[in-house]
Amino acid sequence: MADDRYSIHVLQRPFPEDFIAFYPYIKPEVLDKHIAWRSWLSRVVFDGVPGVRDLMVAARDDESGEWVGVVWLSVSETSPELAHFGWFHVDPRCQSLGVGARIVDTCLETLGAAGVQMIMLPTQIENERAIGMYFRRGWRITIAHPEGDVWMVREPDGLYERTFTPDPARPITASEPRPSDFVALDYLLARPSAPIRLLPLGLVGSRRFVSFVHDWQGARHAVARQDERPMAIAVDVEGDGGAKLDVFGIDRRAMVVALREVAEGAAKPWAEVGASDRLRRAVFEELGFRMTGTRCETLARAQMELCRYEL
Ligand SMILES: CC(C)(COP(=O)(O)OP(=O)(O)OC[C@H]1O[C@@H](n2cnc3c(N)ncnc32)[C@H](O)[C@@H]1OP(=O)(O)O)[C@@H](O)C(=O)NCCC(=O)NCCS
């Protein structure tokens, strides 16, 4: 019986040495296509991330003593009801024996007992087995990228509104991003209505997820927060043609606060915003940017009109 042979363990740093030797996603031969993410995962495994609790839920073959499966979970101090779930792997020799299902069920129990209400994960649309396993446990697809990446969220109704409605009476302030912001920012990005479609790929995160940004030195970022809750992020990437800016966030007010912070220090700032993206255009216009031209480009397999803004 698979249940007798394989045991499930919830591991936290410092991770056991034999587990680190097994952990697939820091090995170049496993993660060659996503080499940049490997440095970030190595940080999770070896150093830990300040303000963030990373757990590995892992399966061990008790006959051979070998680790055979793992998934990563991440919870931040500032958004303890939200969690990331990712990098799921079961050794091909013991797939389809129920090991993966037991790992997921242990994640749900562990996170539920810790007060987590929302768990988000990225996967691929062609991975029907994984999507079915998540769907049967309450995850729903929130966003599908034309190239096949999908994002799934498991949450009670109304959680987003209850936890992420800014209080109009309290200030929103901007400062540098902290690792503890990222789980919440990723949750905002995973919303179907997030005004993010035109974020240039690679500018903020791995298409959607800010957590996986590996090169924070490659750009200047500002996060707008109410109390400790992140509500918007703006970015300034310096290039030959000036400082290219972008912003996304929960609403116009938070986006203005984050964008103002990066725009103030930027030399020759400019931006490109989708013509139909009224919210983001209004944010740039509120800060004094003027539209200086338009062009068309195919983005996410759709023909889009982009408006160029300059200060
Ligand atoms: C996806 C993966 C982690 C699942 O682990 P596993 O140990 O093989 O999964 P299980 O045997 O527990 O099966 C999980 C569920 O899929 C079902 N299933 C198993 N084999 C299946 C198959 N070939 N086709 C469809 N469903 C299948 C099981 O019935 C089970 O259903 P349940 O939700 O009712 O419990 C594992 O197959 C794997 O590592 N795949 C490669 C990497 C990957 O795809 N990772 C996920 C990225 S998000």
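The values are calculated or read from the model by the stated rules, or taken from the named source; none is laboratory data. The shown structure was predicted, so the numbers you read here are calculated from the model rather than taken from an experiment. Cβ placement follows ideal geometry from the backbone for every residue including glycine, while neighbour counts extend to all protein chains displayed. Protein only, heavy atoms only, side chains kept; ligands, DNA and RNA dropped before computing areas. Shrake-Rupley method; radii C 1.70, N 1.55, O 1.52, S 1.80 Å.
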**Request:** Identify which of Tyr160, Tyr187, Tyr134 has the largest mean-square fluctuation in a Gaussian network model of the chain, with springs joining Cα atoms closer than 10 Å.
**Result:** Tyr160
**Message:** Relative contact order of the stretch 2-116, please, whole-number percent, based on alpha carbon pairs below 8 angstrom and at least 6 residues apart.
**Reply:** 26 percent
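What percentage of the solvent-accessible surface of the stretch 2-116, computed with a 1.4 Å probe over protein heavy atoms, is contributed by carbon and sulfur atoms?
On the stretch 2-116, the fraction of accessible area on carbon and sulfur atoms equals 50 percent.
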**Request:** Give, as ranges by residue number, the residues of the stretch 113-150 whose backbone N falls under 13 Å from the point 7 Å along Cα→Cβ of Arg162.
**Result:** 115-118
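Return a whole-number percent for the relative contact order of the chain, with Cα pairs under 8 Å and 6 or more residues apart as the contact set. Intermediate results must be reported in sequence, preceding the final value.
Numbers: 567 pairs, mean separation 36.0, N = 311.
Worked out over the chain, it gives 12 percent.
May I ask you to order 245-254, 283-292 by the average number of other C-beta atoms within 10 Å around their residues, highest value first?
Working: 245-254: 23.8, 283-292: 16.7.
Per-residue mean Cβ counts within 10 Å order the peptides as 245-254, 283-292.
Which value in Å is the Kirkwood Rh of the chain over different Cα pairs?
On the way: mean 1/r = 0.0483 Å⁻¹.
After inverting the mean inverse Cα-Cα distance, the result is 20.7 Å.
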**Request:** Report, in whole Å, the centroid distance computed from the Cα atoms of the stretch 294-308 and the stretch 45-89.
**Result:** 39 Å
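Need the full-extension length gain, Asp91 to Glu29, defined as separation in residues times 0.36 nm minus the C-alpha distance. One decimal, nm.
Numbers: separation 62, 0.36 × 62 = 22.32 nm, distance 1.50 nm.
Working it through step by step, the gained length comes to 20.8 nm.
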**Item:** Distance between modelled label sites at Thr173 and Glu77, nm, 7 Å Cα→Cβ extension
**Value:** 1.7 nm
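Let me have the relative contact order for the stretch 91-156, percent, based on Cα pairs under 8 Å that are six or more residues apart. Write down the numbers at each step before the final one.
On the way: 61 pairs, mean separation 21.5, N = 66.
Here the relative contact order equals 33 percent.
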**Prompt:** Arranged from highest to lowest average of other beta-carbon atoms within 10 Å per residue, in what order do the peptides 106-115, 79-88 appear?
**Reply:** 79-88, 106-115
**Prompt:** With each label point set 7 Å from Cα along the Cα-Cβ vector, what nm distance links Glu147 and Arg252?
**Reply:** 3.3 nm
**Request:** Work out the FRET efficiency for Arg137 and Asp3 from their Cβ-Cβ distance, taking R0 = 22 Å, and round it to the nearest 0.05.
**Result:** 0.75
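Multiply the residue separation of Ala21 and Ser64 by 0.36 nm, subtract the distance between their alpha-carbon atoms, and state the gained length in nm to one decimal. Kindly include the intermediate steps, with their values, before the conclusion.
Working: separation 43, 0.36 × 43 = 15.48 nm, distance 1.53 nm.
This chain segment gains 13.9 nm when fully extended.
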